[in-house]
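Here is the structure we will look at, set down as structure tokens.
The values are calculated or read from the model by the stated rules, or taken from the named source; none is laboratory data. All of these numbers come straight from a predicted model, not from anything done at the bench. Please note: Cβ atoms are built from the backbone with ideal geometry, for glycine as well, and neighbour counts cover all protein chains shown. Quick note on the areas: whole protein, heavy atoms, side chains included, nothing else; ligands and nucleic acids left out. Shrake-Rupley method; radii C 1.70, N 1.55, O 1.52, S 1.80 Å.
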Amino acid sequence: MLLVNSAIPIIMKDISFLNFFEGNTENEMEWFPIKLLTGGFNRCGRDWGKSPRSFVNPFCRLYLVTGGGGVVTIGEKDFDLKSGNAYFLPGGILSRNRCYDFMEVYWVHFAPQSLPLEYFLSRYREVRVWPLKELSRWKPVYTWLNDFPLPENSPENYRLQSFLLYLLSDLLEEKPPEDDAPLLRLKNALLFMD
């Protein structure tokens, strides 16, 4: 199995598309690495997203809005970004950002580094919202985005990736994969390469 320095081991049970490798899936540990591409903390003004043009982000985004607000357009639908909420924004979809006055936001752009996770996220086309008060135990972790980039093999980096995987597990729970046939067709090739 391919390992990336920034990989986080996660034990997944009873999710067929994540356990398509051979072996005893009851005791098997899969790696679902996430590459943290860029991140930080910003106070955005009206100039954030002032271009009327939309763009396609090839990566996923997480915005944790702590003050003010804005709007993100995903496809043809507008989503208000309100203070006190965290937002998962899917990648690979036409999008546009706007800020009416100001917005204080912790943000991270990330990309899956495993085929099963990439496959799932490529099919997830919705904005997901979490109230920040429900994520309060993670605040010491996501506020490390203020110091981004984090050292590759640091505890902070791994904890931030764990936080993202925690949120992504909510997406998987809400919208389980319907068909894992495309991954199963690749099973023997992936096992051979590993």
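When you go through S54, S114, S83 one by one, which is the residue that is of a type in the set (S, T, Y) and under 24 Å from K175 (Cα atoms)? Walk me through it before giving the result.
Details: S54 fails: under 24 Å from K175 (Cα atoms); S83 fails: under 24 Å from K175 (Cα atoms).
Step by step, each of S54, S114, S83 is checked, and only S114 is of a type in the set (S, T, Y) and under 24 Å from K175 (Cα atoms).
What single numbered condition from (1) under 18 Å from the mean Cα position of the chain (by Cα); (2) free of Cβ contacts under 8 Å to residues at least 60 places away in the same chain; (3) within 24 Å of P149 (Cβ to Cβ); (4) in a strand (DSSP E or B) fails to hold for L64?
Just one mismatch for L64, condition (2).
From the residues in the range 82-102 that are at pLDDT 95 or above and not aromatic (F, W, Y), which one is least open to solvent (accessible area, probe 1.4 Å)?
The residue in question is A86.
Please go through the range 46-61 and pick out each residue that is more than 19 Å from P112 (Cα to Cα) and either surrounded by 14 or more Cβ atoms within 10 Å (Cβ to Cβ) or among the basic types (K, R) (or both).
To start, the set of residues in the range 46-61 that are more than 19 Å from P112 (Cα to Cα) comprises 46-55.
Result: R46, W48, G49, K50, R53, S54.
Taking the range 112-160, which residues are small (G, A, S) and surrounded by 17 or more Cβ atoms within 10 Å (Cβ to Cβ)? Explain how you work it out, then say what you get.
Of the range 112-160, the ones small (G, A, S) are 114, 122, 136, 154.
S114, the sole residue that qualifies.
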